[in-house]
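Each remark here refers to the structure printed beneath this line.
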Amino acid sequence: MTRDWLRWHEDYDTPGSSLARRLAVVRRYLGRALTEAPAGPDGHRSLISLCAGDGRDVLPVLARHDAGRQVRAVLAELDPELAGRARSAAGRLGLAEVDVRTGDAGLADVYLDAAPAHVVMVCGVFGNISREDVSRTIAALPALSAAGGFVIWTRGRGTEDTDPSSAIRAELGEHGFAEIAFEEPADARFRVGMHRLIAAPVPARRLSGGRLFAFA
C-alpha cells in the first residue's frame with residue numbers, strides 16, 4: 001500500500017507528537033550545522049535536502065539564521081503537492097536562494113549539480129528504504145558533502161531487537177564521518193544524528209546516472 005505522505009505530514013502539527021519532537025531536534029541540529037560549517041570561497045554555504053517534503057525542517061531555520069538567506073539550498077521532493085508547498089513557503093519567507101525541485105531524490109542526478117554541499121539532509125529516508133539502499137546512500141554521502149560538511153539524518157527505532165540506527169552510525173564512521181551529535185529519547189521511537197565529514201570528499205561525478213534508493 002502506498003503511504004499517503006500528505007496525511008503523514010499532518011502529524012507534525014500535533015503538539016508533542018513524535019514527528020513534532022523530531023522536527024525540533026532536526027531544526028536545532030541544522031542551526032548548529034549552518035553556524036559551524038565552513039563557508040565556500042564566495043562566502044556562501046550550500047545545502048541539499050533529500051525527500052524534503054514541504055521543507056518545514058529547513059526553511060524556517062534558513063529564515064531566522066544569521067547566514068540563512070545566503071545559503072544556496074536545493075530541496076528535492078517527488079510529491080508535487082509537497083514540493084509546491086515548499087516552494088510557496090520559500091517565497092513567503094523571502095528565501096531567494098532556495099531551489100525546490102520536484103523529482104525523485106533517489107536519483108542523484110536530480111541534485112548532483114548542487115554538490116558538494118556544506119549540509120546534506122537525509123531525514124525521513126532511512127526508515128523507508130531497504131537495508132541495501134541505506135548502505136548505498138551512506139556510501140554516496142562523501143560525494144555529496146563538502147570538506148568539513150555535515151550530514152543530518154533520522155531513523156525510527158524499528159521493531160528489530162537491534163536498533164537500526166546503530167548500523168547507520170557505524171557505516172557513517174566507516175565512510176569518513178565523525179559523529180557530532182545523536183539523540184535517542186527514551187520515551188520516543190525517533191533517532192536524529194549529525195555527522196561531519198572528516199575524510200577527503202569524493203568527486204560528485206561518480207554518482208552521475210546512479211540510483212541511491214527507492215522507497216519500499
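The values are calculated or read from the model by the stated rules, or taken from the named source; none is laboratory data. Quantities reported herein were computed from a predicted structural model and do not represent experimental measurements. Neighbour counts are summed over all protein chains in view; Cβ atoms, including those assigned to glycine, are modelled from backbone coordinates with ideal geometry. Just the protein is used for accessible areas: all its heavy atoms, side chains included, with ligands, DNA and RNA removed. Shrake-Rupley method; radii C 1.70, N 1.55, O 1.52, S 1.80 Å.
Each residue, R92 and D187, gets one label point 7 Å from its Cα in the Cβ direction; the gap between the two is 3.1 nm. Ligands, DNA and RNA excluded, the heavy atoms of E81 present near 90 Å² of accessible surface to a 1.4 Å solvent probe.
Of the peptides 15-26, 147-158, how do they stack up when ordered by the mean number of other Cβ atoms within 10 Å, highest first?
Going from most to least packed, we get 147-158, 15-26.
Full-extension gain between E171 and I198, please, as 0.36 nm times their residue separation minus the C-alpha to C-alpha distance. Walk me through the numbers before you get to the answer.
On the way: separation 27, 0.36 × 27 = 9.72 nm, distance 1.40 nm.
8.3 nm is the gain from fully extending E171 to I198.
Here the range 173-214 is scanned for amide nitrogen atoms under 20 Å from the site 7 Å beyond the Cα of E132 along Cα-to-Cβ, giving 207-214.
Can you send over the carbon and sulfur percentage of the accessible area for the chain, probe radius 1.4 Å, protein chains only?
Working: 4940 of 9830 Å².
Answer for the chain: carbon and sulfur cover 50 percent of the accessible area.
With each label modelled as a point 7 angstrom along the Cα→C-beta vector, the T162-E81 pair spans 3.9 nm. Once C-alpha pairs closer than 8 Å and six or more residues apart are averaged by separation and normalised to the residue number of the chain, the relative contact order reads 20 percent.
Compare D66, D79 by solvent-accessible area with a 1.4 Å probe and give them largest first, with all protein chains kept in place.
Numbers: D66 150, D79 45 Å².
Of D66, D79, the descending order of accessible area is D66, D79.
Note down the nm distance, to one decimal, between modelled labels 7 Å out along Cα→Cβ at R205 and at S17. So the label points at R205 and S17 sit 4.5 nm apart.
How much length, in nm to one decimal, is gained on full extension between A147 and R32, taken as 0.36 nm per residue of separation minus their Cα-Cα distance? Before the final figure, lay out the partial values.
Details: separation 115, 0.36 × 115 = 41.40 nm, distance 1.66 nm.
The A147-R32 span can extend by a further 39.7 nm.
Where does each of H65, H175 land when they are ordered by accessible area, with a 1.4 Å probe and the largest first? Please report the intermediate quantities before stating the final value.
Details: H65 40, H175 65 Å².
Per-residue accessible area, sorted high to low, gives H175, H65.
Helix content alone sets the calculated 222 nm mean residue ellipticity of the chain: runs of n ≥ 4 DSSP H residues at -39500 (n - 2.57) each, divided across all residues, give -9500 deg cm²/dmol.
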